[in-house]
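Below: the structure, in structure tokens.
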Amino acid sequence: MKRERLEDYVRTIPDFPEEGVMFRDITTILKDPDGLEMAVDGLCDLVKDLDFDLVVGLESRGFIFGVPLAYRLHKGFIPIRKKGKLPAETLSMRYDLEYGQAEIEIHRDAIKPGQRVIIVDDLIATGGTCEATCRMVETLGGVVAKICFVMELQGLKGREKLAQYDVQSLIEYPGK
């Protein structure tokens, strides 16, 4: 049965991974053809009138939504990977996690100066990974035309780190 809203395809699991957290599970969007279609169509709608060259997706769930978006709009797709996963020369960027740091990479030849990109991921929480991705795109001379998320946890204030960019989410949850 087709549901009316994308939110209706998201499974919420209370107290995971720790007590007090409401985990928003996208696997229930992915396993339902109507939910998946609604998510990809929604992302396409967010960028339908935008002039851009490439879709950049963050490992790993940004790949799930970014590739069909790139395919549908006949754009190239650029993966942002965890350190050590890309075979050619890379640009790396460190960013802060709640308890430590992580590092992501992009191929140095992935984006040409002046190319306009949209960045896609499943979820914005604290915004650290996406902020690092924006810095990498700009270091390579690219322009971040828009950032799109399937879900946003507004209580973690990730959008504040991305305040200088055009950011949109298909679903917004007020808490964490």
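The values are calculated or read from the model by the stated rules, or taken from the named source; none is laboratory data. Predicted model, so just to flag it, every value in this text is computed and none were measured. Quick reminder, even Gly has a Cβ in these numbers, built from the backbone with ideal geometry, and neighbours come from all protein chains shown. The area values use the complete protein model at the heavy-atom level, side chains included, leaving out ligands, DNA and RNA. Shrake-Rupley method; radii C 1.70, N 1.55, O 1.52, S 1.80 Å.
Side notes on the structure shown:
- Which listed residue is basic (Lys, Arg), in contact with a Leu (Cβ under 8 Å, 6 or more places away or on another chain) and at pLDDT 95 or above, from 146, 85, 176: 146
- Complete set of residues in region 1-51 that are part of a loop (DSSP other than H, G, I, E, B) and surrounded by 17 or more Cβ atoms within 10 Å (Cβ to Cβ): 10, 26, 32
- Against the conditions (1) on the phi < 0 side of the Ramachandran plot; (2) out of contact with any Leu (no Cβ under 7 Å at 6 or more places or on another chain), residue 141 satisfies every one except (1).
- Any hit, region 91-99, residues being out of contact with any strand residue (DSSP E or B) (no Cβ under 9 Å at 6 or more places or on another chain) and in contact (Cβ under 8 Å) with a residue 12 or more places away in the chain: yes
- Number of positions in region 64-103 that are crowded, with 19+ Cβ neighbours inside 10 Å and in a loop (DSSP other than H, G, I, E, B): 1
- Taking the numbered list (1) at positive phi; (2) at pLDDT below 95; (3) touching a Pro at 6+ places or on another chain (Cβ under 9 Å) in turn, residue 100 passes all entries but (3).
- Search result, residues across region 125-166 that are touching a Cys at 6+ places or on another chain (Cβ under 9 Å) and among the small types (Gly, Ala, Ser): 158
- For region 104-122, a residue qualifies if it is surrounded by 14 or more Cβ atoms within 10 Å (Cβ to Cβ) and either closer than 21 Å to residue 45 by Cα or not aliphatic (A, V, I, L, M) (or both), and the qualifying residues are 105, 107, 108, 115, 116, 117, 118, 119, 120, 121, 122.
- Qualifying positions in region 4-37 - of a type in the set (A, V, I, L, M) and either under 17 Å from residue 150 (Cβ atoms) or without any contact (Cβ under 8 Å) to a residue 24 or more places away in the chain (or both): 6, 10, 13, 22, 26, 29, 30, 36
- Residue 148 falls short of the stated requirement of being assigned to a helix (DSSP H, G or I), touching a strand residue (DSSP E or B) at 6+ places or on another chain (Cβ under 7 Å) and in contact (Cβ under 8 Å) with a residue 12 or more places away in the chain.
- Taken over region 52-63, the criterion of being in contact (Cβ under 8 Å) with a residue 24 or more places away in the chain, open to solvent by 60 Å² or more (accessible area, probe 1.4 Å) and either under 16 Å from residue 146 (Cβ atoms) or of a type in the set (Gly, Ala, Ser) (or both) is satisfied by 53 alone.
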